[in-house]
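First up is the structure itself, then whatever we jot down about it.
The values are calculated or read from the model by the stated rules, or taken from the named source; none is laboratory data. Quantities reported herein were computed from a predicted structural model and do not represent experimental measurements. When we count neighbours, we look across all protein chains shown, and the Cβ atoms used for this are built from the backbone with ideal geometry, even at glycine. Note: accessible area is taken over every heavy atom of the protein model, side chains too, but ligands, DNA and RNA are not part of it. Shrake-Rupley method; radii C 1.70, N 1.55, O 1.52, S 1.80 Å.
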Amino acid sequence: MSLPHAILTALLEKPSSGLELTRRFDRSIGYFWSATHQQIYRELGKLERAGHIRALPAEVPSRGQKKEYEVLPAGRAELTEWVRRSEDPKPIRDALLLRLRAAAVVGTEGFADELRRHLSLHRAQLEEYLGMEERQFPPERDSEADRLRHLVLRGGIELERFWTAWLTEALAELDPDRDC
């Protein structure tokens, strides 16, 4: 149920068209809650039918013009209720961890290369997040909303730091004679 809430959050931050919303997902929210463009457009329709959002009236109506959406009071109430709800953490479900467990049974030949590839991807993601942090959160951005958004980004940074450290350790176990 989190995709509609991610969309409501994004629209409360800034009313947007579906296209603008998908771009914003690609640049920010999508790092932590991914969705395809098709899923976002489908969810916009559901939210509109539920009375949580509405398309803003166009200044000059024309066929094929993109709709810009805003959140209605019912949508804000739904999002507020969702934020207050209790929810248990989800169990980790990661194919790489399962593949490592399987390698313990069938052998690790060639698996170190896959771990190195993952390490490279996580290092690149960490660098991207650190760059975002530097660009988007200078010391003068200190509103509560900015601090909370920064906290989300810092969570992503810490997850990438975990993965890079863990993958380095895993590679040291699998291939102790080679540098990562």
Quiz item: Restricted to the stretch 12-27, and to residues that are free of Cβ contacts under 8 Å to residues at least 12 places away in the same chain and within 13 Å of the chain's Cα centre (by Cα), which residue is nearest to GLN136 (Cα to Cα)?
Solution: ARG27
Practice problem: Considering only the stretch 59-75, state which residues are modelled with pLDDT of 95 or more and part of a loop (DSSP other than H, G, I, E, B). | Solution: LEU72
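If we keep just the residues of the stretch 1-18 that are among the hydrophobic types (A, V, I, L, M, F, W, C) and open to solvent by less than 10 Å² (accessible area, probe 1.4 Å), which is farthest from ASP88 (Cα to Cα)? Even if it seems obvious, please write down each step before you answer.
Initially, the stretch 1-18 is screened for residues among the hydrophobic types (A, V, I, L, M, F, W, C), giving 1, 3, 6-8, 10-12.
Now restrict to residues that are open to solvent by less than 10 Å² (accessible area, probe 1.4 Å): 7-8, 10-11.
On the way: ILE7: 22, LEU8: 22, ALA10: 24, LEU11: 26 Å.
Ranking the qualifying residues of the stretch 1-18, first place goes to LEU11.
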Quiz item: In the stretch 55-69, is there at least one residue being among the hydroxyl-bearing types (Ser, Thr, Tyr) and either closer than 30 Å to LEU126 by Cβ or in contact with a Pro (Cβ under 8 Å, 6 or more places away or on another chain) (or both)?
Solution: yes
Quiz prompt | Boolean, ALA95 is open to solvent by less than 100 Å² (accessible area, probe 1.4 Å), out of contact with any Asp or Glu (no Cβ under 9 Å at 6 or more places or on another chain) and farther than 24 Å from ILE29 by Cβ | solution = no
Quiz item: Right, ASP175: touching a residue at least 12 places away in the same chain (Cβ under 8 Å), more than 30 Å from GLU20 (Cα to Cα), of a type outside the set (Val, Ile, Thr) and open to solvent by less than 100 Å² (accessible area, probe 1.4 Å) or not?
Solution: yes
Exercise. Tell me which of these ASP88 doesn't satisfy, since it passes every other one: (1) among the charged types (D, E, K, R); (2) part of a loop (DSSP other than H, G, I, E, B); (3) in contact with a strand residue (DSSP E or B) (Cβ under 9 Å, 6 or more places away or on another chain).
Key: (3)
Quiz prompt | Unique residue being under 20 Å from LEU148 (Cα atoms), in a helix (DSSP H, G or I) and touching a Phe, Trp or Tyr at 6+ places or on another chain (Cβ under 8 Å) when the list is LEU3, LEU44 | solution = LEU3
